[in-house]
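Comments concern the structure below.
The values are calculated or read from the model by the stated rules, or taken from the named source; none is laboratory data. What you are looking at is a predicted structure, and each value in this text was computed from that prediction instead of being measured. Reconstructed Cβ throughout: ideal geometry from the backbone, glycine too, with neighbour counts over all protein chains shown. Accessible surface areas use protein heavy atoms only, side chains included; no ligands, DNA or RNA. Shrake-Rupley method; radii C 1.70, N 1.55, O 1.52, S 1.80 Å.
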Amino acid sequence: MPRVTVHLYASLRSYAGGAPSVEVEIRPGQTVEETLHALGIPSDQTRILFVNNRAAATNQPLQDGDRIGAFPAIGGG
Amino acid sequence: MPDTDRGSDNLDRYVRQMRYPPLGEEGQRRLGASRALVCGCGALGSMLANTLVRAGVGSVRIVDRDFVELNNLQRQVLFDEGDVENQVPKAIAAAEKLRLINSGVEVEPIVADVDHTNIEALCEGVDVIVDGTDNFETRFLVNEAAVKLGIPWVYGGCLGAEGQTMAILPGETPCLHCLITECPPPGTVPTCDTAGILAPVVGVVASIQAIEAIKILSGNRDAVSRHLTVIELWDNHIRQVDVSGLRQSADCPTCRHGQFPWLAGKRGGHTAVLCGRNAVQLTHTGVQVDLDELARRLEGLGQLSRNAFLLRFKVDGYELTVFPDGRAIIGGTDDIATAKTLYARYVGS
């Protein structure tokens, strides 16, 4: 099974028990959004997404070894 | 008495920063001839205004709709207890302090709510906009104005011990809409009032925003960061995320297609004072509020009740009634600015 690493930033870490990253198995062609949902992360919590350090859409399919970076939008000021 | 000669040619007070070669005297003179808009004067905005005025930016326009409150003083560096006691508008209080700090800078305070009717006028003549706002609706509006008018702006946000900042050079680097593809609906994003805020992260974010603004205003655009900076002070992390490819990959409605619905008033909030009820109604176009999620965020912050149709939240003598379509009635005030502040504070957006 292909595996990807999901790096979670700021408040999103609570979805991985506080860990900064988590490695997960995916089925071939699984999207970014599906992968985050599998971790229990709601779509509206991940406003900024990158795959392999490049901006990514939620429906981007993933490949073995990909690294997802997921950030919340920080709105205070 | 120190020599505080206000003449624009007197650069003595800036000698330490002019000694830094990338700035130099030429950069300092450019700063002195430039104008900045500080949009929002809370924690980030007061720190930004403080830094830009001390640095000698020629003219600093400050716009904010709020008054100084006691719980601001922990992090909003330009204000004091006297401002709280006298209920001074933040823009005015900031201007009074800033004029004492650097009388050679033209400080222009404007007490107003930034919306689609005034944002372009507020931007008139400015060379950079720095983000001191506390909500994404205003940021999306500012982003559209900046892109349309071709004015660089520097996004910044902070919460808890975390922050983000990114400089936007219209036509050259990704805009906020490239980075965040949809304005977060009200109730989905924590605010400083629901999640808390530590002052040091404000200083870090605002300082990065300020140096980007100084680079832009002093003629050093090449030095402007092409990264999203993500700060997690509690966990000792500061990261630079390369966003250089975002403009190509995002197919952004704002900066690729020139669509400006926030500027046109087709997105964002509208207000109405409810006569005789001591209440203000705020409506938001095209949003959905998840009342369950909002209830979770507000738990423990005030008196909370809800049913299938609405959520009611009482705090500090005010009553916020929030509906799933984003509409809200703010009871206990007939002041629109106060109502918007309460909405931004507890519902977000």
- By average C-beta atoms within 10 angstrom, highest first, the peptides B:16-26, B:74-84: B:74-84, B:16-26
- Query: Could you give the angle, 0 to 90 degrees to the nearest 10, between helix B:43-55's Cα long axis and the longest principal axis of the Cα atoms of chain B?
  - Reply: 10 degrees
- Query: Rounded to a whole number, what % of the accessible area of chain B do carbon and sulfur atoms account for, probe 1.4 Å?
  - Reply: 49 percent
- Residue of B:Ala95, B:Ala223, B:Ala295 that the Gaussian network model of chain B assigns the largest fluctuation, springs spanning Cα pairs under 10 Å: B:Ala223
- Assign unit charges at the C-beta atoms only (+1 for Lys and Arg, -1 for Asp and Glu), then state the dipole size of chain A relative to its Cα centre in Debye, rounded to the nearest 20. 180 debye
- Query: Scaled to the compact-protein estimate 2.2 N^0.38 Å, what is the alpha-carbon radius of gyration of segment B:6-249, rounded to two decimal places?
  - Reply: 0.96
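Among B:Asp292, B:Asp251, B:Asp193, what's the order by accessible area (1.4 angstrom probe), most exposed first?
Sorted descending by solvent-accessible area, the residues read B:Asp292, B:Asp251, B:Asp193.
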- Note on the structure: Log entry, pair B-A: total buried accessible area, probe 1.4 Å, protein chains only, in Å² rounded to 100, is 2100 Å²
- Task: Kindly state, as a whole number, the per residue volume in cubic angstrom of the convex hull around the alpha carbon atoms of segment B:2-119.
- Result: 116 Å³
- Looking at segment B:242-340, which GluC sites (Glu not before Pro) are in a loop (DSSP not H, G, I, E or B) and have at most 14 other Cβ atoms within 10 Å? B:Glu299
- Task: Work out the length of the dipole vector of chain B about its Cα centre, built from +1 on the beta-carbon of each Lys and Arg and -1 on the beta-carbon of each Asp and Glu, and round it to the nearest 20 debye.
- Result: 460 debye
- segment B:228-244 - phi-based ³J(HN,Hα) in whole Hz, Karplus 6.51/-1.76/1.60, Gly and Pro as x: 8, 9, 10, 10, 10, 5, 5, 9, 6, 10, 10, 10, 10, 9, 5, 10, 5
- Per-residue ellipticity at 222 nm for chain B, helices alone: DSSP H runs ≥ 4 residues times -39500 (n - 2.57), over residue total, nearest 500 deg cm²/dmol? -9000 deg cm²/dmol
- Message: Once you order the gyration tensor axes a ≥ b ≥ c over the Cα atoms, which shape class does segment B:269-346 get: rounded for a/c under 1.5, otherwise prolate or oblate by comparing a/b with b/c?
- Response: oblate
- Note down the magnitude of the dipole of segment B:254-346 about its Cα centre, charges +1 on Lys and Arg C-beta and -1 on Asp and Glu C-beta and zero elsewhere, to the nearest 20 debye. 260 debye
- Note on the structure: Each residue of A:64-75 has, on average, a number of other protein chain C-beta atoms within 10 Å of its C-beta equal to 6
- For segment B:177-183, Karplus couplings with θ = phi - 60° (6.51, -1.76, 1.60), whole Hz, Gly/Pro x: 6, 5, 6, 10, 6, 9, 4
- What does the highest-first list of B:31-39, B:144-152 look like by mean Cβ count within 10 Å? B:31-39, B:144-152
- Note on the structure: For chain B, the longest principal axis of the Cα atoms and the Cα long axis of helix B:336-346 enclose an angle in degrees, to the nearest 10, of 80 degrees
- chain B - accessible surface per residue (Å², probe 1.4 Å): 42 Å²
- Restricting to chain A, what percent of DSSP beta bridges are antiparallel, rounded to 5? 75 percent
- For B:Leu198, B:Leu246, what's the largest-to-smallest order of accessible area, 1.4 Å probe? B:Leu198, B:Leu246
- Gyration tensor verdict on segment B:90-223 (Cα atoms; rounded if a/c is under 1.5, prolate if a/b is larger than b/c, oblate otherwise): rounded
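Quantify how strongly other chains surround peptide B:62-74 by giving the mean number of their Cβ atoms within 10 Å of each of its Cβ atoms.
Averaged over the peptide's residues, the number is 0.
Rounded if a/c is under 1.5, else prolate if a/b is larger than b/c, else oblate: which is the protein assembly as shown, with a ≥ b ≥ c the root eigenvalues of its Cα gyration tensor?
Verdict is oblate for the protein assembly as shown.
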- In degrees between 0 and 90, to the nearest 10, how far off the longest principal axis of chain B does helix B:136-149 point, with axes built from Cα atoms? 40 degrees
- Query: For the peptides B:227-237, A:65-75, what is the packing order when you average, over each peptide's residues, the other Cβ atoms within 10 Å and list the highest mean first?
  - Reply: A:65-75, B:227-237
- Query: Peptide B:247-259: average number of partner chain Cβ atoms within 10 Å per residue?
  - Reply: 1
- Go through segment B:155-207 and name the GluC sites (Glu not before Pro) that are in a DSSP coil and have 15 or fewer other Cβ atoms within 10 Å of their Cβ. B:Glu172, B:Glu182
